[in-house]
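These notes are about the structure you will find just below.
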Amino acid sequence: MRLSSFFGQTLREVPAEADTVSHAMLLRAGYIRQLAAGLFSYLPPAWRSMRKIEQILREEMDAIGGQEMCMPVVHPAELWQQSGRWYEIGDPMARLKDRRGRDLVLAMTHEEVVASLCHTEIRSYRHLPQMVYHMQTKFRDEPRARGGLIRVREFVMKDSYSLDRDYAGLQAQYERHYDAYYRIGARCGVPLVAVQSDPGMMGGKMAHEFMYVSPIGEDALAICEETGYASNLEIAEFRKVPDDNGPPARLEKVYTPNTHTIEALAAFLGISMRQTGKMVFFVGDFGPETGEKLVVSVVRGDMEVNEVQLRYQSGARTLRSAEADEIAAAGAVPGYASPRGLDRSKTVIVVDDLVAASTNLVVGANEAGYHLRGANYGRDYEADLVAPIAAAYDGAPDPVAGAPMTLARGVEVGNIFQLGTRYSGSLGATFTDEKGAEHPIIMGSYGIGVGRMLACVAEEHSDKHGLDLPVSVAPWHVGLVSLARSGASKAKAEGLYQALLKAGVEVLYDDRAVSPGVKFADADLRGMPWRITISERSLKKGGVEFGRRRERPARIIALENVTEVATEAIAKAFKAIDRSLESLPTWATRKPHG
RNA sequence: CGGGGCGUAGCUCAGUCCGGUAGAGCACUGCGUUUGGGACGCAGGGGCCGUCGGUUCAAAUCCGGCCGCCCCGACCA
């Protein structure tokens with residue numbers, strides 16, 4: 001491509017809306033432009049990079065037996081009504097009507113369509129196992145798009161779907177995806193970490209998310225380097241050892257004025273926050289029959305509630321923080337609330353297992369200005385449920401060996417779900433076994449966001465001058481900067497460009513009539529891994545300058561050797577990536593709790 | 001949906017408090033001089049000041065509604 005006729009500009013200044021590195025750089029380098037919140041145009045460089053990411057995905061999916069196909073973006077509502085998601089998913093699902101008034105949805109994902117295809121294509125166990133995938137635009141009306149390409153509403157996603165007759169087959173396909181996803185991350189230059197995750201809305205049993213660990217990430221992760229335990233904080237477990245607070249003592253009411261918070265209470269009584277029990281109130285929706293109920297959670301005073309666990313354990317469909325009047329309605333005094341003496345008909349009390357196992361905690365007395373000392377679970381208060389509902393914290397002992405875990409943030413680049421029969425069951429996707437009996441197909445689904453991957457590549461590979469992309473993802477391998485002025489030199493530059501093209505080198509040729517500084521700055525910004533500079537000066541020295549993006553001084557290479565040197569450098573870089581794949585984690589070699 | 005911030009030229013922003021002829025830098029056009037890290041001079045073009053309404057002799061500026069964008073939270077297949 002020649003820059004003199006190129007579509008798109010670089011930006012000298014950082015647009016006001018960008019506050020992550022990847023967003024700022026992709027904007028400045030002329031990769032993406034925003035149309036509206038969460039809606040982006042991908043300019044030629046970005047689209048070239050995304051096609052390269054797609055090609056990597058394609059190769060890896062094909063390598064584990066995938067077959068690429070294409071499915072519609074607009075679906076009839078009936079499909080989603082059958083799976084139930086038409087009713088379960090609210091605003092994030094974009095709905096529209098066609099000219100006849102028929103309800104349609106914009107696809108958020110394609111489990112339903114795959115399941116419906118199975119109707120006609122999978123009749124027998126002989127047709128299984130299968131794995132199909134596609135790369136397609138999906139739309140999710142997110143409550144809030146953010147971070148440039150990190151979280152958008154319309155995006156291209158690689159989704160694959162495995163179809164098996166049994167869970168052993170599903171497990172095998174799941175494991176193959178696990179390995180493939182590590183390879184995909186490495187080939188794109190983005191280090192990914194698999195963490196256990198909440199199957200959530202997908203409704204399956206096992207799930208992993210592939211995270212790019214970065215402070216810009218939206219998810220919190222708990223990772224133990226020592227044992228390999230890695231989990232989304234939402235479902236992270238940790239080992240709990242109760243403190244020795246002595247044998248159960250007498251329950252006594254103590255005057256504790258102005259101690260609305262655990263900190264104030266502990267300070268007032270001269271005890272540790274660990275010796276207290278903390279009440280956190282939520283309102284849970286328990287479905288049409290039961291309706292809303294106050295969910296009262298009790299965790300140790302130094303810990304926080306894990307809302308995902310609480311929702312799961314309590315059986316609530318959704319949870320939200322309770323308002324003061326809702327708390328009071330159940331007979332609790334905010335600031336001095338007690339698990340004792342609540343209206344049990346209006347509440348669901350969930351006590352963290354650590355609290356239940358701890359003796360002599362200080363809890364509220366349900367009376368302003370008073371707390372109870374020596375509270376013991378079972379003797380002094382009861383619960384509907386004792387369950388692990390405390391959130392893991394930085395340094396918490398991991399559940400495997402008690403080794404300390406670190407909390408980190410991560411961007412979810414991909415995920416793998418064991419769906420089971422969630423969709424095949426409701427949509428009637430069945431097969432017949434050897435004995436003629438009908439069974440629902442066992443499904444798995446596996447996604448990777450292509451644009452989000454690009455954002456992570458940009459986040460990982462840039463400096464203050466711009467993008468510095470890996471050879472596998474860069475839109476062009478080489479930036480050819482021509483500073484030639486004379487007709488003869490210009491002809492040499494032109495000849496070199498043609499020679500590089502002919503040799504299969506992807507080259508962005510800066511043949512514009514602008515000053516050298518502009519050309520260098522643009523080349524740095526656009527992120528090609530190598531730069532070739534041709535000028536009267538370089539020709540006088542015997543050829544052209546060749547080097548890594550900002551390498552100075554660059555090597556002088558004779559004109560006739562340039563294509564060979566460039567081709568070799570590129571091949572070497574690809575080989576280095578291939579070598580790095582050998583030491584990647586796999587399902588087989590991963591530590592047992594990864 | 002709750003909290004906060006912001007909408008003025010393609011981009012970054014000043015002007016708004018205190019109402020009175022719409023500005024700068026970059027970008028763009030023309031000419032000339034330059035030419036190895038975002039050159040310089042001269043001359044130009046470009047704005048319904050987000051939008052609707054109100055107050056006023058007069059509104060980018062004051063008041064109200066709405067819309068949009070960004071950040072935090074909620075939510076997140």
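Annotations for the structure displayed:
- Pairing each residue of region A:541-557 that is under 16 Å from A:Ile570 (Cβ atoms) with any residue that is among the charged types (D, E, K, R) and assigned to a loop (DSSP other than H, G, I, E, B), provided the two are 6+ apart or on different chains, yields C-beta distances under 7 Å for A:Arg549/A:Asp468.
- Among the residues making up region A:104-135, those that are within 12 Å of RNA strand B (Cβ to nearest atom) and either under 18 Å from the mean Cα position of the chain (by Cα) or assigned to a helix (DSSP H, G or I) (or both) are A:Met108, A:Thr109, A:Glu111, A:Glu112.
- Of the residues A:Gly410, A:Gly414, A:Gly449, A:Gly479, the single one that is more than 31 Å from the chain's Cα centre (by Cα) and within 13 Å of RNA strand B (Cβ to nearest atom) is A:Gly479.
- Residue check, A:Ile89 among the aliphatic types (A, V, I, L, M), in contact (Cβ under 8 Å) with a residue 24 or more places away in the chain and assigned by TED's automatic domain parsing to the domain that holds A:Tyr181: no
- Of the strands (runs of 3 or more DSSP E) lying entirely inside region A:38-103, the ones with 3 or more residues being over 21 Å from the mean Cα position of the chain (by Cα) and more than 21 Å from A:Met131 (Cβ to Cβ) are found at A:74-76, A:95-97.
- Take the conditions (1) more than 10 Å from RNA strand B (Cβ to nearest atom); (2) over 38 Å from the mean Cα position of the chain (by Cα); A:Leu467 misses just one of them, which is (2).
- Candidate set: region A:12-25, residues that are in a loop (DSSP other than H, G, I, E, B) and within 21 Å of the chain's Cα centre (by Cα); chosen: the one nearest to RNA strand B (Cβ to nearest atom): A:Asp19
- The sole residue among A:Arg28, A:Arg33 that is more than 26 Å from A:Gly447 (Cα to Cα), assigned by TED's automatic domain parsing to the domain that holds A:Gly148 and within 16 Å of RNA strand B (Cβ to nearest atom) is A:Arg28.
- Flag if A:Gly169 is more than 16 Å from RNA strand B (Cβ to nearest atom), outside any helix (DSSP H, G or I) and out of contact with any helix residue (DSSP H, G or I) (no Cβ under 9 Å at 6 or more places or on another chain): no
- Of the strands (runs of 3 or more DSSP E) lying entirely inside region A:510-594, those containing at least 3 residues that are at pLDDT 95 or above, crowded, with 18+ Cβ neighbours inside 10 Å and in contact with a helix residue (DSSP H, G or I) (Cβ under 8 Å, 6 or more places away or on another chain) span A:530-534, A:544-548.
- Helices (runs of 4 or more DSSP H) enclosed by region A:217-322 - at least 1 residues per element that are buried (at least 18 other Cβ atoms within 10 Å of the Cβ): A:262-269, A:307-314
- Hey, A:Thr359 modelled with pLDDT of 85 or more and among the polar types (S, T, N, Q) or not: yes
- Inspection of region A:144-163 finds no residue satisfying the criterion of being without any contact (Cβ under 8 Å) to a residue 40 or more places away in the chain, more than 19 Å from the chain's Cα centre (by Cα) and over 22 Å from A:Val450 (Cα atoms).
The values are calculated or read from the model by the stated rules, or taken from the named source; none is laboratory data. All values derive from a computational prediction rather than experimental measurement. FYI the Cβ positions are ideal-geometry reconstructions off the backbone, even for glycines, and counts take in every protein chain you see.
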